[in-house]
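The values are calculated or read from the model by the stated rules, or taken from the named source; none is laboratory data. Just so it is clear, the model here is predicted, and its values are computed rather than measured. Ideal geometry is used to build each Cβ from the backbone, glycine not excepted, and the neighbour counts take in all protein chains shown.
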Amino acid sequence: MNTLSSLTTTVQKRKKRLGRGAGSGKGAKSGRGTTRHQKARTDIPLHFEGGQNRMVKRFPLLRGKGRNKAVAAKPVLISLTQLDTFEKGEVVNLESLLNKGMVVKNEALRGAKVVANGELKTALTVELLVSQSAQKHIENAGGTVSS
């Protein structure tokens, strides 16, 4: 008759024995996190990496022409085939592009530029930025450009 097997098993975690020497792995600061270490100090710089050369210094400086220019928002490009959906004699500007749904409202803040991609058959008056080749296409179709 085995009475031990009929007993329910109890699982209880042992309490962490803190502060019992450096060899135990739980000595010295005894699992108290970053409250008493270097990270607790306020005067260490953010880029400090424990004495090794910091990330900023490890990479070469980006030198050369045009490397440090401000990144300006580029206008939305619109092809001549998109402009072909307009009717003859219509004025093409940012408002009309918004109404047709060719440009989204937040894209309209960057502006729009007409690029010679495709063909234009209708005469339009374009009040946007236009590339040189697109201007030739528009004028050949009988339209005008005023930016």
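Going by what's in this entry, would Glu90 be described as out of contact with any strand residue (DSSP E or B) (no Cβ under 6 Å at 6 or more places or on another chain), closer than 18 Å to Lys74 by Cα and of a type in the set (Asp, Glu)? Give the derivation first.
Values: out of contact with any strand residue (DSSP E or B) (no Cβ under 6 Å at 6 or more places or on another chain): yes; closer than 18 Å to Lys74 by Cα: no; of a type in the set (Asp, Glu): yes.
No; evaluated as a whole, the condition is false for this residue.
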Scanning region 106-127 for residues that are under 15 Å from Thr85 (Cβ atoms) and part of a loop (DSSP other than H, G, I, E, B) gives Asn117, Gly118, Glu119, Leu120, Lys121, Thr122, Ala123, Leu124
Inter-residue pairs, beta-carbon under 7 Å, first more than 22 Å from Lys15 (Cα to Cα) and in region 25-40, second part of a loop (DSSP other than H, G, I, E, B) and among the aliphatic types (A, V, I, L, M), 6+ apart
Gln38/Ile44
Residue list for region 128-147, filter: under 14 Å from Ser79 (Cα atoms) and outside any helix (DSSP H, G or I)
Leu128, Leu129, Val130, Ser131
Region 109-120, residues that are of a type outside the set (Asp, Glu), surrounded by fewer than 17 Cβ atoms within 10 Å (Cβ to Cβ) and out of contact with any strand residue (DSSP E or B) (no Cβ under 8 Å at 6 or more places or on another chain)
Leu109
Quick check on Lys29: is it at pLDDT 75 or above and surrounded by 10 or more Cβ atoms within 10 Å (Cβ to Cβ)?
no
Using beta carbons and a limit of 7 Å, which pairs, at least six apart or on different chains, have the first residue in region 45-58 and loosely packed, with under 10 Cβ neighbours inside 10 Å and the second one outside any helix (DSSP H, G or I) and at pLDDT 75 or above?
His47/Arg54; Met55/His47; Val56/His47
